[in-house]
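A short write-up of the structure that comes next.
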Amino acid sequence: MSTTEPDALLGPADIRELAAALGVRPTKQRGQNFVIDANTVRRIVRTAQVRPDDVVVEVGPGLGSLTLALLEAADRVVAVEIDDVLAGALPSTVAARMPGRADRFALVHSDAMLVRELPGPAPTALVANLPYNVAVPVLLTMLERFPSIERTLVMVQAEVADRLAARPGNKVYGVPSVKANWYAEVKRAGSIGRNVFWPAPNVDSGLVSLVRRTEPIATKASRAEVFAVVDAAFAQRRKTLRAALAGWAGSAPAAEAALVAAGIPPQARGESLTVEEFAAIAEHRPSGAAGTEPSGAAENKPSGSGE
């Protein structure tokens, strides 16, 4: 049950008034599109299945539309905001509109890609309207650094949502699909219209649900080693894995040997493989091959990496 007043959430007039008072104009550079519809943010919170005992981390809270809806439902909300003006204003907005919940809110003024710890109890959920230009690397980085996050619901560009939730064999299955599946069971969780944003974007948006695996992928290979195979396989996605993994393995024959040892046909392509199969290949990398990328490097590439 909501513990707040019915008008605590931000509507279109509230958003524009706040933005005008702060001198804020949404920027394409940071992929800013503010949600102006209270029904939409409540729908996101419902779809995310936020519980009264949840500690929710939100990335890119903007003016606070989703933040306030999360505070209605969760035990605690930690928002990560890079923008100086928005970060400065958000605590005041929370205090003014939800004074009874303000002590359950914390702000981290930082680039989400740089955050390695959060104040208070460990987060149990990630719910965010992610800036389109950094959605995939931010999502994967948060899942890597905060293993306590059990459930995630993110709003992203519809094309990115499709890619994240794609299954092997789908034409949009690629690097984001495999890496997200390393951490979680991923599925599409709905669509969001353009008219609930200000300014209205020229692309559609989609919701993606990620429920962290209760048991990690069974493999002797590290995450960095598996992700190195994924990156190599999709860097030349039209090539067979024998050819695409030649650089990774040291040569095409070495790649073929690793594939055969992993039970993967050398003529297969990356888009047909599950994350478990990529892990199996990683376990059979020739000992003389070049080193893998440093931990985290694979995730921090642009969201289109390998596509």
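Quick one: what pairs do we get from segment 135-154, first residue more than 16 Å from SER177 (Cβ to Cβ) and outside any helix (DSSP H, G or I), second modelled with pLDDT of 95 or more and basic (Lys, Arg), C-beta under 7 Å, 6+ apart or different chains?
ILE149/ARG212; GLU150/ARG212
Name the single residue that is surrounded by the most Cβ atoms within 10 Å (Cβ to Cβ) among those in segment 234-252 being more than 16 Å from TYR173 (Cα to Cα) and without any contact (Cβ under 8 Å) to a residue 12 or more places away in the chain.
Residues of segment 234-252 that are more than 16 Å from TYR173 (Cα to Cα), as a first pass: 242-252.
Restricting the remaining residues to those that are without any contact (Cβ under 8 Å) to a residue 12 or more places away in the chain gives 246, 251-252.
Values: ALA246: 18, SER251: 14, ALA252: 16.
Among those residues, the one meeting the criterion is ALA246.
What tally of residues in segment 171-198 results from selecting those that are modelled with pLDDT under 95 and assigned to a helix (DSSP H, G or I)?
3
Could you run through segment 267-284 and say how many residues are open to solvent by less than 60 Å² (accessible area, probe 1.4 Å) and either among the β-branched types (Val, Ile, Thr) or part of a loop (DSSP other than H, G, I, E, B) (or both)?
5
Within segment 155-170, can you find the residues that are assigned to a helix (DSSP H, G or I) and open to solvent by 50 Å² or more (accessible area, probe 1.4 Å)?
Initial filter on segment 155-170 (assigned to a helix (DSSP H, G or I)): 158-165.
Of everything in segment 155-170, those that are assigned to a helix (DSSP H, G or I) and open to solvent by 50 Å² or more (accessible area, probe 1.4 Å) turn out to be GLU159, ASP162.
Which condition number in (1) open to solvent by 60 Å² or more (accessible area, probe 1.4 Å); (2) closer than 23 Å to THR141 by Cα; (3) of a type in the set (Asp, Glu) is the one that ASP231 fails?
Among (1) open to solvent by 60 Å² or more (accessible area, probe 1.4 Å); (2) closer than 23 Å to THR141 by Cα; (3) of a type in the set (Asp, Glu), ASP231 violates only (1).
Considering segment 253-266 alone, what residues qualify as being surrounded by fewer than 19 Cβ atoms within 10 Å (Cβ to Cβ) and touching a Lys or Arg at 6+ places or on another chain (Cβ under 8 Å)?
PRO266
The values are calculated or read from the model by the stated rules, or taken from the named source; none is laboratory data. Computed from a predicted model, the values in this text were never measured in an experiment. Every residue, glycine as well, gets a Cβ built from its backbone with ideal geometry; the counts of neighbours run over all protein chains shown. These area figures cover heavy atoms from the full protein model, side chains too; ligands, DNA and RNA do not enter into them. Shrake-Rupley method; radii C 1.70, N 1.55, O 1.52, S 1.80 Å.
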